[in-house]
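Below is one structure, written out as C-alpha cells; the observations come after it.
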Amino acid sequence: MKKNNAITPRETDMSKWYSEICLKAELMSYSKVKGFIVYRPYGYAIWEQIQAFLDKEFKATGHQNVYMPLLIPQSLLEMEKEHVEGFAPECAVVTKGGDKELDSPLYIRPTSETLFCDHFKDILSSYRDLPIKYNQWCSVVRWEKTTRPFLRGSEFLWQEGHTLHRTADEAKEETLKMLKIYNKMGKDILAIPFVMGRKTDKEKFAGALETYTIEALMPDGQALQSGTSHYFGQGFAEHYGISYLDDDNVLKTPHQTSWGVSTRLIGSIIMEHGDDNGLVLPPYVAPTQVVLIPIRPADNPEVMKKLKDIKESLESKGIRVLLDDSNKSPGWKYAEYEMKGVPLRIDLGPKDIQQNHCMYARRFDGKKDFWSLDDDIAQNVIEELKQINKGMYNKALKYLLEHTVEVHSFEELKDVIENGKGYAKMMWCGDRSCEDEIKNKLNATARCIPFDQEPFDDKCPICGKKAKQVVLFARAY
RNA sequence: CGGGGCAUGGCGCAGUUUGGUAGCGCGCUUGGUUUGGGACCAAGAGGUCGAGGGUUCGAAUCUCUCUGCCCCGACCA
C-alpha cells in the first residue's frame, strides 16, 4: 500500500526527520514568531506526565511550588555581575508600558534567580526559616539565534527549583539530591540513561560555584544536556543581601541552590527513541499508552463489545487507553499510531473472537503476540508496559556504553568527535587551555566530569601534563 | 550574525522564464459502500497567491522595499 504520509528516514537527514516527527506526530506547530511554538495537546500531555512525576518527587522531598513575576527590573538583574553578563545578551526587554516609554527597561525572565533572591531577602530573617525549598513551573524567554522545536526555543517551559540552606553541606546535598531525582526520572519514565557528572568551570552556570548535569547521548553521537543542578554557595545571597540571624545571634548568609529541567526533555525523547516510522514514546510519559483497534466491527458486534470491556478494565487500572472506533481502515490506524509513538496496540477482529484471543504489538521493537481473552488483559498490559520501558532503557543504555570511547591521543579524540562515535572519554589535566583547544579544533565541549571516575591513563593527551580526572567530550545540541 | 533555500486553500506542490483574472494531490464536509498494514464512489466547502509600494488596460507572474519560516555553520538549556 502507498505511504502517503511517510517521513524522511533518519539516516537521510536527521534534522528533517526530527522536525517532521514534531509536526506529524502533532506535538507542536510553528507560531508566527520565530522560536516560539504552539505546544499541541499531544505534545503538552507528554510535558504534563513529566510534570506529574517531578512534582510528586519535589513535594515528597519537602519543596513547595511558588510563582514569580514575568518581568525583572534592570537594576535587579544587574546585582550579580557574572549572572547578568551570562544572560543579558539573550534577554527580551520590555521598553514600553501602554504607549509610554518606561524610565527603566524590564527584562522578561531568562531564569528567575534574581527574582527569587529579591524575595528571599524579604522573607528570611531567622535560622528558624531555613531551609527554604521552592520550585516554580513557568516559561522563560531567551532570544536564541538558532531555534529548533523543543531542543532550543526562544521560549521554553521548565521548572526551576531555588533553595536556601543553613550550611554549605546541606546545600550541596540538596544539589546532588535533585540531580539524582532527574536521573531517576530518566530511568523510570523517559527510558533514557543519563550520564551524571559535574560541569567544568568553563561550562558551568553563570554565577554558580558548581554545576552538575545529566547528559543524554543522541543517536548521531551528539550529547544533549538534559538538566542541571547548581550549588551557588553564598555568592548570590551576598550580592542580594540575603541574611538571617543564627542561633548564636550572629548575622549569617545562607547557602543556595537552583536546579531545572525543561521541555527540551521532549526533544531528547524524540531523538533518543524515534525511528523511521515516527515517534516512539516510553510508556510512562505516553499520553496514550494503549490503542485498541477494532477490525470489521460493523458486521461483528462482539468485537466492539469486547473492546469496550477491555477499555473499561484498563481504565479502572489507571492505564491511558484509546479505543479508535473511527471508520478509518485498520492500516491507516496502524500507521497513525506508529507515527504518534503509542507504546502498545491491541487488535481485535472476528478471527480473534473465534480463537478467543487478541493480538498485541509493541511499538519500540515491533514484537507481536497474542493474549487469551480469558486473561486479565489489564494485568498483562501493566506487565508489558513495564517490560517496554525496561527494553527501551536497556537499548539506549547499550548504545550509550558502545558509544563511550576511551581516547589516549588527540588523533583518537578527533576520530571519535568527527565521526560521530559519541562520547570521547579522556583523561584531562584540568586546564582551561586544553578545553579551549578541543573546542577550537574539534568544536566539541567537555560535557561533564562523570561521577564514575575510573582513571585509565596518567597524562592529558592534549598537553601531556599529568591527568587529574576523567572527562567526557562531545559535540552538543 | 554569516551561507543556502522557501513563501500560492489545513499540508505538499504546479503555474512565474514568455503578464490575460488560479489548478493538482493529500486532508476536510455530506451520503453510500468498506475495514486483518495508510479503502472506494459521488457530491461539496475552502485561496485579498507573505506584506507594502511601483510598472501596466491588466500582476501569483516584471520591479523595489520589507517581513517571516526552514536548513547548515559561529554562540547558548
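The modelled label-to-label distance for the pair A:Asp220/A:Gln453, using points 7 Å beyond Cα in the direction of Cβ, is 3.4 nm.
Placing unit charges on the Cβ atoms only, positive for Lys and Arg and negative for Asp and Glu, gives the range A:348-477 a dipole magnitude near 400 debye about its Cα centre.
Taking amide H as placed 1.01 Å from N in the peptide plane, the amide H of A:Arg148 sits under 5 Å from that of A:Gly153, each at least 5 places away or on another chain. For the range A:410-415, the Karplus equation 6.51 cos²θ - 1.76 cosθ + 1.60, evaluated at θ = phi - 60°, returns couplings of 4, 4, 5, 4, 4, 4 Hz by residue, with Gly and Pro reported as x. Averaging the sequence gap over all C-alpha pairs within less than 8 Å and six or more residues apart, then dividing by the number of residues, gives the range A:1-130 a relative contact order of 15 percent. Here the range A:1-60 is assigned +1 on the Cβ of each Lys and Arg and -1 on the Cβ of each Asp and Glu. Its dipole about the Cα centre then comes out at about 240 debye. Between the listed residues A:Phe236, A:Pro282, A:Val321, the Cα displaced farthest toward the positive end of the dipole of the range A:233-366, a dipole computed from Cβ unit charges relative to the Cα centre, is found at A:Val321. Unpaired Cys in chain A, meaning no second Cys C-beta under 4.7 Å: A:Cys22, A:Cys91, A:Cys117, A:Cys138, A:Cys358, A:Cys434, A:Cys448, A:Cys463.
Computed about its Cα centre, the charge dipole of chain A is approximately 1040 debye, with only Lys, Arg, Asp and Glu carrying charge at their Cβ.
A dipole drawn for chain A from +1 and -1 charges on Cβ atoms has a positive end, and of A:His357, A:Leu400, A:Gln379 the residue lying farthest that way is A:His357.
Normalising the average separation of contacting C-alpha pairs (under 8 angstrom, six or more residues apart) by the number of residues puts the relative contact order of chain A at 14 percent. Along the charge dipole of chain A, Cβ charges K/R +1 and D/E -1, which of A:Ile293, A:Phe116, A:Phe87 sits furthest on the positive end? Final value for the positive-end residue is A:Ile293.
Straight Cα distances below 14 angstrom link A:Lys421 to the aspartates and glutamates A:Asp220, A:Glu402, A:Glu406, A:Glu411, A:Glu412, with same-chain residues fewer than 8 positions distant left out. For the listed peptides A:9-17, A:95-103, A:335-343, a ranking on the average number of other beta carbons within 10 Å per residue, highest first, reads A:335-343, A:9-17, A:95-103.
To the nearest 10 degrees, how steep is helix A:432-442 against the longest Cα principal axis of chain A, on a 0 to 90 scale? The angle comes out near 40 degrees. Residues whose amide H lies under 5 Å from that of A:Arg363, counting only those 5 or more places away or on a different chain, are A:Leu344, A:Arg345; hydrogens are built 1.01 Å from N in the peptide plane. Evaluating 6.51 cos²θ - 1.76 cosθ + 1.60 at θ = phi - 60° for every residue in the range A:93-103, the Karplus couplings come out as 10, 8, 10, 10, x, x, 9, 9, 5, 6, 5 Hz, glycine and proline recorded as x. Most tightly packed first, judged by the mean number of other beta-carbon atoms within 10 Å of their residues, the peptides A:108-121, A:198-211, A:373-386 read A:108-121, A:198-211, A:373-386. Shown in residue order for the range A:185-201 are the 3J(HN,Hα) couplings computed by the Karplus curve 6.51 cos²θ - 1.76 cosθ + 1.60 at θ = phi - 60°: 4, x, 6, 6, 10, 9, 6, 10, x, 8, 9, 9, x, 9, 6, 6, 4 Hz (x for Gly and Pro). In this structure, the amide hydrogen of A:Phe36, modeled 1.01 Å from its nitrogen in the peptide plane, lies closer than 5 angstrom to those of A:Ser31, A:Ser154, counting only residues at least 5 positions away or on a different chain.
Output the peptides A:443-451, A:75-83 sorted from most to least packed, where packing is the average of other Cβ atoms within 10 Å over each peptide's residues.
The peptides rank, most packed first, as A:443-451, A:75-83.
Each reported figure results from applying straightforward, stated rules to the coordinates on display, with no laboratory input. Predicted model, so just to flag it, every value in this text is computed and none were measured. Neighbour counts run over all protein chains shown; Cβ positions are idealised from the backbone, glycine included.
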